[in-house]
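Trainee: Dropping the structure in here first, questions after.
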Amino acid sequence: MSEELGSKLRWAIEEGWNKGNLDAWNKVYAADYVHHRPPFGDFESLEAEKQFVAGTLSAFTESQFTIHEMIAEGNTTVTRWTWRAKHTGQSPTLPFPPTGKQVTLVGCLVSRWGDGKIVEEWEYSDYLGFLQQLGVIPSLG
């Protein structure tokens, strides 16, 4: 079962983040899916998540999401990943003009599954480093 969940999540990431096919997520995520993504507020439906990602992909082109490792046990998968993209547009959630900069975001995602679909996720990502790469927040030190 755990191996199957990991395969489904890998497929969903490839389809959504790398190919922009967010409708494919309907096969992997529950309609009432919840995503906890600090410092952003929670996204409390699959449609809200898809809108967030669509806005991100429209503002960040040349998107490439890479999975480095995945651990699956029971109804939980944990994924360590890197996302690279170029900031060429303005996102609804990041209200500043395009910088043209290439950025890298690293993170870890804990996914809870129920009835064969992801029902809840907790994302732990380096948004401080991401915003520093964009020049929105100065580097520390």
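Trainee: Filter the stretch 75-84 down to the residues that are surrounded by fewer than 17 Cβ atoms within 10 Å (Cβ to Cβ) and either within 22 Å of Gly129 (Cβ to Cβ) or within 12 Å of the chain's Cα centre (by Cα) (or both) and list them by number.
Mentor: Val78, Arg80, Thr82, Arg84 - these are the residues of the stretch 75-84 that are surrounded by fewer than 17 Cβ atoms within 10 Å (Cβ to Cβ) and either within 22 Å of Gly129 (Cβ to Cβ) or within 12 Å of the chain's Cα centre (by Cα) (or both).
Trainee: Only one of Trp81, Trp113, Trp122 is in contact with a Leu (Cβ under 6 Å, 6 or more places away or on another chain) and at pLDDT 95 or above; which? Talk me through it step by step, then tell me what you get.
Mentor: Details: Trp81 fails: in contact with a Leu (Cβ under 6 Å, 6 or more places away or on another chain); Trp122 fails: in contact with a Leu (Cβ under 6 Å, 6 or more places away or on another chain).
Going through Trp81, Trp113, Trp122 in turn, the sole match is Trp113.
Trainee: Which residues, counting only those in the stretch 2-25, are in contact (Cβ under 8 Å) with a residue 12 or more places away in the chain and more than 23 Å from Thr61 (Cα to Cα)?
Mentor: Result: Ser2, Glu3, Leu5, Gly6, Lys8.
Trainee: Given the options Gln90, Gln102, name the one that is surrounded by fewer than 15 Cβ atoms within 10 Å (Cβ to Cβ), touching a Phe, Trp or Tyr at 6+ places or on another chain (Cβ under 8 Å) and not acidic (Asp, Glu).
Mentor: Exactly one of Gln90, Gln102 is surrounded by fewer than 15 Cβ atoms within 10 Å (Cβ to Cβ), touching a Phe, Trp or Tyr at 6+ places or on another chain (Cβ under 8 Å) and not acidic (Asp, Glu), namely Gln90.
Here is a yes/no grid of residues against (1) surrounded by 13 or more Cβ atoms within 10 Å (Cβ to Cβ); (2) of a type in the set (A, V, I, L, M, F, W, C):
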site	(1), (2)
Arg10	yes, no
Ala24	yes, yes
Ala48	yes, yes
Val53	yes, yes
Ser58	yes, no
Ser63	yes, no
Glu73	no, no
Lys86	yes, no
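Trainee: Same structure again: Among the candidates Gly55, Gly20, which residue alone is under 21 Å from Thr99 (Cα atoms) and within 13 Å of the chain's Cα centre (by Cα)?
Mentor: None of the other options fit; the residue is Gly55.
The values are calculated or read from the model by the stated rules, or taken from the named source; none is laboratory data. None of the values given here were measured: they were computed from a predicted structure. Reconstructed Cβ throughout: ideal geometry from the backbone, glycine too, with neighbour counts over all protein chains shown.
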